[in-house]
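Reading through the structure tokens given below for one structure.
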Amino acid sequence: MSEAPHHPDPLSGALRRMSEARRRARSALVAAPPPRPKDPLPPTGRAGRNLPAAIGVGVGLLVVVAGSLFVPYAFVALVIVACGAALWELARAVGQRGIRIPLLPLWVGTVGILVSAATAGPEAMLVAFTLTGGGVFVWRVLDGGGRAAVRDAAAGVFAAAYVPYLAGFAVLLLQQTYGVWLVATFIVVTVSNDIGGYAAGIFFGKHPMAPSISPKKSWEGFAGSLILAAALGALLVGLLPVGAWWHGVLLGVAVVGAATTGDLAESLLKRDLGLKDMGSLLPGHGGIMDRLDSLLISAPVCYVILSATTGQLAV
């Protein structure tokens, strides 16, 4: 009795062919290089910023600030606008965590704090800040009580102290003898902290200063900030009729310490909020707050040192 011829199952053969085709497709996909993007992002430097845009915006800001110093109250108006924008960015940032900062009383208080600094001195500025804090608290409580109101009011008082009150020290400097020169010295020395740190960090940075907060800050960059800020401080303060070059060195070292602290504090705040920048108003820099962070913390330091240097520090 002969056996029946064996006929392969067509369905099994088709399944084997499909499996082999999938295997070959997967191998080709793994071996193939990833496709190049059609529209690459704008080139950035090693520090992660669009360097041409950052330089252009930075120079433009310096020109605007320098021009405002020679027009009565133009610098005060510029600081008011900058603080108002910074408060708006700060309110938006913390709003992502459910914190509602009352902006209207803060904006009104900002005008009061900075105008008081320009017209009546540090005591009036402190009174205006106290009234602003009280106004923020009352405004928020009237909008609804409870734990949320206390939390929001505390955040509002912090914002008033962090932005307009600290900025008021720059306005106080302008009202002193050689005020234009003092404010220019404050700005140049503080900006030199960023420039020196950026340049030294790009070329020599190897040892992170605070990797969990700001991974790109290095001790080499910190040394670059110290060298440039101390050198420019010695030059600018030494040109004052009542200044000595070593006062400028002291100023540069103190400003670098304060500016670095302010920068790290804002970086920690942004990290807690899950943000890269506080805003996007300034291409290559981020937001207004990203430019003001070091200036705000440095302002009272410069006020104390430069006022003492010129013999105008009230005691």
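I'd like the full set of residues that are farther than 22 Å from Asp194 by Cα and either within 19 Å of the chain's Cα centre (by Cα) or of a type in the set (Phe, Trp, Tyr) (or both), limited to region 76-96.
Taking region 76-96 and keeping what is farther than 22 Å from Asp194 by Cα, we get 76-77, 80-81, 84, 87-88, 91-96.
If the condition is that a residue be farther than 22 Å from Asp194 by Cα and either within 19 Å of the chain's Cα centre (by Cα) or of a type in the set (Phe, Trp, Tyr) (or both), then Ile80, Val81, Gly84, Leu87, Trp88, Ala91, Arg92, Ala93, Val94, Gly95, Gln96 are the ones that fit.
Output the residue which, of all residues in region 218-228 that are more than 24 Å from Ile305 (Cβ to Cβ) and either touching a strand residue (DSSP E or B) at 6+ places or on another chain (Cβ under 7 Å) or hydroxyl-bearing (Ser, Thr, Tyr) (or both), is surrounded by the most Cβ atoms within 10 Å (Cβ to Cβ). Write out each step before concluding.
Of all residues in region 218-228, those more than 24 Å from Ile305 (Cβ to Cβ) come to 218-220.
The next check asks that each one be either touching a strand residue (DSSP E or B) at 6+ places or on another chain (Cβ under 7 Å) or hydroxyl-bearing (Ser, Thr, Tyr) (or both); those that pass are 218-219.
Details: Ser218: 22, Trp219: 15.
Here the residue is Ser218.
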* Out of Arg97, Arg151, Arg92, which single residue is at pLDDT below 95, open to solvent by 30 Å² or more (accessible area, probe 1.4 Å), over 20 Å from Val301 (Cα atoms) and not in a helix (DSSP H, G or I)? -> Arg97
* Residue in region 249-266 that is surrounded by the most Cβ atoms within 10 Å (Cβ to Cβ), counting only those that are without any contact (Cβ under 8 Å) to a residue 60 or more places away in the chain and among the small types (Gly, Ala, Ser) -> Gly262
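Go through the residues of region 182-199 one by one and say whether even a single one is of a type outside the set (S, T, N, Q) and touching a strand residue (DSSP E or B) at 6+ places or on another chain (Cβ under 9 Å).
Initially, region 182-199 is screened for residues of a type outside the set (S, T, N, Q), giving 182-184, 186-189, 191, 194-199.
Of the ones still in play, those that are also touching a strand residue (DSSP E or B) at 6+ places or on another chain (Cβ under 9 Å) are 197.
Among the residues of region 182-199, at least one is of a type outside the set (S, T, N, Q) and touching a strand residue (DSSP E or B) at 6+ places or on another chain (Cβ under 9 Å), which makes the answer yes.
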* Asked: Which residues, taken from region 176-193, are open to solvent by 10 Å² or more (accessible area, probe 1.4 Å) and among the β-branched types (Val, Ile, Thr)?
  -> Thr177, Val180, Ile187, Val188, Val191
* Ala231 versus (1) without any contact (Cβ under 8 Å) to a residue 40 or more places away in the chain; (2) open to solvent by 20 Å² or more (accessible area, probe 1.4 Å); (3) within 22 Å of the chain's Cα centre (by Cα): which is the lone unmet condition? -> (3)
* So is Gly134 surrounded by fewer than 15 Cβ atoms within 10 Å (Cβ to Cβ) and assigned to a helix (DSSP H, G or I) or not? -> yes
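The values are calculated or read from the model by the stated rules, or taken from the named source; none is laboratory data. Remember, it's a predicted structure, so these values are computed and weren't measured experimentally. Glycine also receives a Cβ, built like all others from the backbone with ideal geometry; neighbour counts cover every protein chain displayed. For the accessible areas, the whole protein counts, side chains as well, though only heavy atoms, and no ligand, DNA or RNA atoms are used. Shrake-Rupley method; radii C 1.70, N 1.55, O 1.52, S 1.80 Å.
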